[in-house]
Amino acid sequence: MSDPLRIGLVGAGTMLGQEIAELLVEQADLTFAELRAFGEKESSFDEDEDELDSGWFDLRSGPTDFSGLDAVIVCGSAKDGLEEVRQSLRAEVPCIDCSGALLSSEEVPVMALEPGAPLASWSGPLVNSPTETSLVWFSVARELDSRVGVLALSGTVLHSASAEGKAGVEELSTQTLALLNQNPLPDSRVFSSEVAFDCFAHPEDETDARSESMAHREARLVLSLRRLLGEDVGVSVTSVQVPTFAGEASILALRTRDPVDPALALKWLSEGSEVNCVAGTRPVGMRETVGGSSLCISRVRSDVSAADPQRSLLMWVSADPVQLAAQNAVGLLRSRFLTR
């Protein structure tokens, strides 16, 4: 049991921030004197006000103030998160950064905790907690790498509207109703194109010269996996927006060092504490994993189009990346204060 902690949560109004807040409430071996949450109050806080807005939950919409805190968790965009991370460093408050603001900095460690494994402690002022699809792909690669060696990952990620938060869900709903009622479509403000009853590959990020002709989400995934797996592991991805409200799935291909039998790979993957392997004869939808911390894997097979099919795997992976990111961030908080 920890001493009562004072924790700051920046971006509490985001979907990730809300998931982290809910998980913090559930931690039986962490006690809190205060959760100082910064952000606009959104639907989840309104719906769960009795549970979350307790005596130690203080939601603030003004300037961030980290004085007196034991740690701070930063969510939201990398652009907004950078200043919050800097402020935590100036205040000498340990920071768990989920925004990706300093993901490219080799001086800041990236930590993806293994579910069920002993907590890995960290003592520095700052740690990166990988978010989004990187935790999904890394979980698959981690299970296989120690056995057959993973040399490369490539695939297509199908993002639902919830990847853009509440605003994305509302825009998809508005577009869908407009088309069903045969009304003109309103201008897209969240997505780069109309998404109702359609899908599109995310456009290249022209604002970032380091993106290597990738979309923003693609560049972030590649960077995260290179930090987690090493520069020698090849990573390529296409990020696609699909007209579903929740969930995420990937069509994932892996190239291995050693030959691998798909049935044996499926067995190894099923041994993971947070992996649910499903027979390829049953359809697995994107929504199946929404709200859960497990990966759902199916259609594991050899890639017969590869130069060496015996060293190439294809699979379908469905997961809730927001839930996984929240679990990892809270796990890093636990490792900070329960392993001292």
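Read-outs throughout are calculated quantities, based only on the coordinates presented, and are distinct from any laboratory measurement. All values derive from a computational prediction rather than experimental measurement. Cβ coordinates were reconstructed from backbone atoms using ideal geometry, including for glycine residues, and neighbour counts include every protein chain displayed.
For the chain, treating each Cα as an identical point scatterer without solvent, what Debye log10 I(q)/I(0) comes out at q = 0.07, 0.09, 0.14 1/Å?
Log-scaled intensity ratios, in q order: -0.30, -0.50, -1.19.
Mind listing which GluC sites (Glu not before Pro) in the range 66-152 are in a DSSP loop and have 13 or fewer other Cβ atoms within 10 Å? Write out the running numbers ahead of the final one.
Working: sites: 83, 84, 92, 106, 107, 132, 143; in loops: 92, 106, 107, 132.
Those satisfying the criteria are 92, 106, 107.
Give me the three principal axis extents of the range 153-222 from the C-alpha atoms, as integers in angstrom, largest value leading.
Largest to smallest, the principal-axis extents are 42, 24, 19 Å.
In debye to the nearest 20, how big a dipole does the chain give about its Cα centre with +1 on each Lys and Arg Cβ and -1 on each Asp and Glu Cβ? Don't jump to the answer; show the numbers that get you there.
Numbers: 27 positive and 52 negative charges, 231 e Å.
That gives the chain a dipole magnitude of about 1100 debye.
On the first, second and third principal axes, largest extent first, how far apart are the outermost C-alpha atoms of the range 90-222 in Å?
57, 45, 34
Rounded to the nearest 500 deg cm²/dmol, what is the calculated helix-only ellipticity per residue at 222 nm for the chain, with -39500 (n - 2.57) per DSSP H run of length n ≥ 4?
On the way: 9 runs with 107 residues, N = 340.
It comes out at -9500 deg cm²/dmol, rounded to the nearest 500.
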